[in-house]
1. Suppose R0 equals 35 Å; then what is the FRET efficiency for K16 and Y52 from their Cβ-Cβ distance, rounded to the nearest 0.05?
2. Using alpha-carbon pairs under 8 Å, 6+ residues apart, how would you state the relative contact order of the range 45-116 in percent?
3. Report the residues of the range 169-191 in range of a label on L157: point 7 Å along Cα→C-beta, backbone N strictly under 15 Å from it.
4. Would you mind calculating the relative contact order of the chain from Cα pairs under 8 angstrom and at least 6 residues apart, reporting the percent as a whole number?
5. At q = 0.15, 0.29, 0.32 Å⁻¹, what log₁₀ I(q)/I(0) does a Debye calculation on the Cα points of the range 4-53 give, no solvent, two decimals?
6. Largest first, how would I131, I67 line up by accessible area (1.4 Å probe)?
7. Would you be so kind as to identify all helices of the chain, as entire DSSP H runs, whose Cα atoms reach 18 Å or more along the helix's own axis and whose mean Kyte-Doolittle hydropathy is at least -1.0?
8. Under a GNM of the chain (C-alpha, springs under 10 Å), which listed residue has the highest mean-square fluctuation: Y52, Y189, Y129?
Amino acid sequence: MSIGFVGNQAAWKGRKGTPEQLFLERIAGSPTVAARTAGAEIASEIFSTANYSYRARQGHGEGYLMIGDAYGFVDPMFSTGVLMAMTAGELGAEAADAWLDDPVRGQQLAARTNAELAAAMDRIGWLIYRINDPVMRSLFMAPRNTLWMRDGIINMLAGNLRGDWRAVLPILSFKTVFHVLSALHRLGYGPPMPEERAAAPAVMAAE
C-alpha cells in the first residue's frame with residue numbers, strides 16, 4: 001500500500017519531530033488507513049518535500065518507454081493533466097507500433113515522445129512557477145488579446161501543449177511583456193498594476 005500525506009502550510013507550521021513521526025501520527029489519525037496498515041512494515045525511507053513535481057532523467061531505453069506520470073508530473077494548478085496524458089498516450093502508441101517493426105525507428109520516436117512531453121511540461125511549468133508573481137497576477141486580472149496573447153494562454157491551458165506556431169508566437173509575446181514589465185517594476189517604473197489600483201481605496205479608508 002502506498003501512502004502519502006499532503007498538507008498546506010498550516011499542517012507543517014510549528015510541527016515537532018521528524019517527518020516519520022508526523023507521518024505515523026497522520027496514519028494513526030485515520031481509522032481506515034490505520035486498520036489497513038495494522039502490522040505492516042515501512043518499506044522505504046519517509047521524507048518530505050515542498051514540491052512534488054518531478055521528471056525522469058531517462059524516459060526511454062531498450063524495450064521501454066515512460067509516458068504519463070511515470071515519466072513526469074507537473075503541479076496540477078491548471079487542468080491540463082488529462083489532455084497531457086492523452087497526448088502522451090497518442091505519442092507512446094505511435095512509438096510502440098513503430099518499435100515492433102523497426103526498433104531503431106521506435107527508439108527515435110520514443111526520444112521524440114519524451115522531448116515533446118518535457119517541452120510541454122516546461123511550457124505549462126513556466127506559468128505555474130510564476131503564478132504568485134504580482135506582475136503575472138495583474139496580467140491575468142486584466143487580460144488583453146494584443147498580439148493574440150489571451151488566445152495563446154487559453155489555447156495552452158485548454159491542452160494544446162505540442163507547441164504549434166499558433167500557440168507559440170502569442171506565448172512568446174506574453175513572456176516578453178511579462179519580462180519587460182517585471183524589469184520596469186523592479187526599477188520603480190511601469191504602469192500601475194490592477195492589484196495596486198484595487199488596493200488604493202482600502203488604504204485610503206484605513207487612513
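1. Working: r = 23 Å, r/R0 = 0.66.
Efficiency, from the Cβ-Cβ distance: 0.90.
2. Computed value for the range 45-116: 30 percent relative contact order.
3. Residues 171, 174-175 fall inside that zone.
4. Details: 141 pairs, mean separation 28.9, N = 207.
Result for the chain is 14 percent.
5. For the range 4-53 at q = 0.15, 0.29, 0.32 Å⁻¹, log10 I(q)/I(0) is -0.45, -1.32, -1.40.
6. Working: I131 30, I67 55 Å².
Ranking I131, I67 by accessible area, largest first, yields I67, I131.
7. 81-101, 103-128, 165-186, 194-206
8. Y189
The values are calculated or read from the model by the stated rules, or taken from the named source; none is laboratory data. In this text the structure is predicted, and so the values were computed from the model without any measurement. Here Cβ is always computed from backbone atoms with ideal geometry, including for glycine, and neighbour counts include all displayed protein chains. All accessible areas refer to the heavy atoms of the entire protein, side chains included, with ligands and DNA or RNA removed. Shrake-Rupley method; radii C 1.70, N 1.55, O 1.52, S 1.80 Å.
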